[in-house]
Amino acid sequence: MDEKRKAWMKAVIESLLYASDKPVELQRLMNAVGTTSKSTIREIINEISTEYENSNHPFRIKKLEGERYFLCLAPEYSEIVRKHVKKPLLSTALLKTLSFIAYHQPVSQAVLAAARGKEAYKHVRQLIEKGLVEAEKSGRTLLLRTTQLFADYFNIKNNPQEIRKYIEGLLEKSSGKS
């Protein structure tokens with residue numbers, strides 16, 4: 001492949017990752033640049049990732065289950081941006097469902113629905129789509145837990161005990177302000 005075509009493909013892939021509010025599947029990236037080569041797309045994504053990491057760039061590309069990719073902020077920039085940008089990633093209802101999952105993980109979808117209501121099923125689908133929650137079949141329900149992307153977004157360790165402490169700290173802060 002010539003360098004001009006590769007540069008164009010790289011720009012298209014980077015643009016799609018930037019513009020998407022949820023992880024982008026490998027197949028969608030392949031379709032966008034008109035290739036059937038998974039290895040070409042993986043190679044381009046690796047090049048972009050390496051450039052970002054080596055140049056102190058504020059973005060990182062996260063690879064999620066099912067060969068999906070998501071452009072996010074490097075952890076060291078997350079807190080600064082959150083303080084100055086008021087555009088929420090999630091609605092209040094979605095955030096409440098996510099915090100319930102994060103605090104009680106691993107938690108069954110049945111327990112979540114009992115606590116949060118029938119809308120929880122829609123919320124779980126949206127959170128999985130965004131790459132913040134993963135689900136594993138457990139009998140007739142799903143077992144839910146947060147992902148590494150969730151931990152990266154909130155700049156915390158991907159460890160249920162650490163996440164629980166973080167949430168408890170947030171609750172203490174908010175109750176102290178009341």
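Just so you know, all these numbers are worked out from the coordinates, no wet-lab data involved. If you're wondering where the values come from, they're calculated on a predicted model, not measured in any experiment. When we count neighbours, we look across all protein chains shown, and the Cβ atoms used for this are built from the backbone with ideal geometry, even at glycine.
Among 167-173, 116-122, the peptide with the highest mean count of other Cβ atoms within 10 Å heads the list, and the full ranking is 116-122, 167-173.
Within the set (1) 12.3; (2) 11.7; (3) 10.6, the number that mean projected area of the Cα convex hull in nm² takes when calculated for this structure is listed as (1). Using all pairs of distinct alpha-carbon atoms, the Kirkwood hydrodynamic radius of region 1-69 works out to 12.3 angstrom. Let me know the whole percent of all Cα-Cα pairs from region 51-101 that are separated by more than 12 Å. Within region 51-101, distances greater than 12 Å cover 73 percent of Cα pairs.
Each residue in 111, 33 was given a count of other beta-carbon atoms within 10 angstrom of its own, and listing them fewest first yields 111, 33.
As a calculated quantity, the FRET efficiency between residue 95 and residue 3 at R0 = 35 Å, using C-beta atoms, amounts to about 0.20.
Each stretch of four or more DSSP H residues adds -39500 (n - 2.57); spread over every residue of the chain, this sum gives -19000 deg cm²/dmol at 222 nm. Peptides 142-152, 100-110, 7-17 ranked from most to least packed, by the mean per-residue count of other Cβ atoms within 10 Å: 142-152, 100-110, 7-17.
Placing unit charges on the Cβ atoms of the charged side chains and taking the dipole of region 3-80 about its Cα centre, the candidate lying farthest along the positive direction among 73, 61, 35 is 35.
The convex hull built on the alpha-carbon positions of region 92-177 has an orientation-averaged projected area of 5.6 nm².
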